1. Out of contact with any Phe, Trp or Tyr (no Cβ under 7 Å at 6 or more places or on another chain), under 17 Å from residue 302 (Cα atoms) and touching a residue at least 40 places away in the same chain (Cβ under 8 Å): is that true of residue 201 in this structure?
2. Given (1) over 18 Å from the mean Cα position of the chain (by Cα); (2) surrounded by 20 or more Cβ atoms within 10 Å (Cβ to Cβ); (3) outside any helix (DSSP H, G or I), identify the lone condition not met by residue 210.
3. Step by step: first the residues of segment 167-193, then only those that are aliphatic (A, V, I, L, M) and under 18 Å from residue 152 (Cα atoms), then the one that is surrounded by the fewest Cβ atoms within 10 Å (Cβ to Cβ). Which residue is that?
4. Being in the same structural domain as residue 65 (by TED's automatic domain parsing), under 30 Å from residue 180 (Cβ atoms) and either in contact with a Pro (Cβ under 9 Å, 6 or more places away or on another chain) or buried (at least 19 other Cβ atoms within 10 Å of the Cβ) (or both) narrows it down to one of 155, 123, so name that one.
5. When only residues in segment 39-79 that are small (Gly, Ala, Ser) and closer than 22 Å to residue 108 by Cα count, which is farthest from the chain's Cα centre (by Cα)?
6. Looking for something in contact with a Cys (Cβ under 9 Å, 6 or more places away or on another chain) and not in a helix (DSSP H, G or I) - is there at least one such residue anywhere in segment 174-190?
7. Tell me, yes or no, whether segment 107-128 has at least one residue that is out of contact with any helix residue (DSSP H, G or I) (no Cβ under 9 Å at 6 or more places or on another chain), without any contact (Cβ under 8 Å) to a residue 60 or more places away in the chain and assigned to a loop (DSSP other than H, G, I, E, B).
8. Pairs only if they're at least six apart or on different chains, beta carbon under 8 angstrom, first in segment 207-225 and outside the structural domain of residue 24 (by TED's automatic domain parsing), second among the basic types (Lys, Arg) and not in a helix (DSSP H, G or I); list them, first residue then second.
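The values are calculated or read from the model by the stated rules, or taken from the named source; none is laboratory data. Remember, predicted model here, so these are calculated numbers, not experimental data. Please note: Cβ atoms are built from the backbone with ideal geometry, for glycine as well, and neighbour counts cover all protein chains shown.
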Amino acid sequence: MGLGLLSGGKWVSERQQEDEKGQFMRPSTTFRSAITADGSSGFKAEANRYHLYVSLACPWAHRTLIMRQLKGLSDAISVSVVDPVMGEHGWEFSDGAGCIPDSVNQAQYLWQLYIKVDQHYTGRVTVPILWDKQRQTIVNNESREIIRMLDQQFGAVQQAGQAEQAERDLCPADLQETIDHTIDAIYQPINNGVYRAGFATQQSAYDAAVAELFEALDHWEAVLGQQRYLCGNQLTEADICMFTTLLRFDAVYYVHFKCNLRRIIDYPNLWGYLRDIYQIPGVKETCNLDHIKRHYYISHPKVNPSRIVPKGPMLDFETDPGRDRLS
């Protein structure tokens, strides 16, 4: 996430986000190198070599934090957490509650990392960033590719007492095609769909985005009435991608982005599914609704000019999901 950008190495606090039809346009990510177990890519999977820059508010960055926890890599890959409020300079490091300053590059703003790599960089300044401390560069800033690397390439990087997590496979070979297809299927209508609705500047663009969003949610509600997870009865990368959007839905997207046909709590299967994943050991620790709500309601003045952060809703993710029967 990030509304500003760098142009020729200079920070620009505002950028055009919509096309002539008022549709939100998300530019592609830029850094797409890969970490491999054997180092054949030039980036070898090693303990204490890589650093994650994230926001607890951002659903894309949240995916990488969850995977880092589920794979037992919290001691092997260090992390910095930006302030939830995005100001004139975009993502900023602070000593606020839940934040972790940049101990690797001592940056004040996230954009400083991009120009450290390329003084004339032009493009989006976003989290997550997977940083190589050895080569002093950005390896990758595409969340989908980062979670696949953490899932598949770090099996030999095990911490004491975490072998079970390291052996957990969220993209087994026999399911990879299904997982990739599912991640593709939920991306545009759901993961990006909430933004397409929230940042639309014309009624027709908003109407189209909301229609696609709830058609997709209705579809997956039906699927999850028959199986525990998106790709069957085992947790996969696709579920991590779905979870981070659903977690934010009732607290933010329903009101702030006007995605208000139904709440997730109104869907029995999606609501149970959300709680089921939340209660997996390690996942809850990555969730911070305070950061989430403060970021969206304060950082998007065009959507919420008052910048008032609502107190509710009251959401209890700890109740029994009732999903065991589908295993």
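1. yes
2. So the condition that residue 210 fails would be (3).
3. Out of the qualifying residues, it is 173.
4. The match here is 123.
5. 78
6. Checked segment 174-190: no residue is in contact with a Cys (Cβ under 9 Å, 6 or more places away or on another chain) and not in a helix (DSSP H, G or I).
7. Yes, there is a match, as at least one residue in segment 107-128 is out of contact with any helix residue (DSSP H, G or I) (no Cβ under 9 Å at 6 or more places or on another chain), without any contact (Cβ under 8 Å) to a residue 60 or more places away in the chain and assigned to a loop (DSSP other than H, G, I, E, B).
8. Once the first residue is outside the structural domain of residue 24 (by TED's automatic domain parsing) and sits in segment 207-225, its partners that are among the basic types (Lys, Arg) and not in a helix (DSSP H, G or I) give 210/258; 214/262; 217/262.
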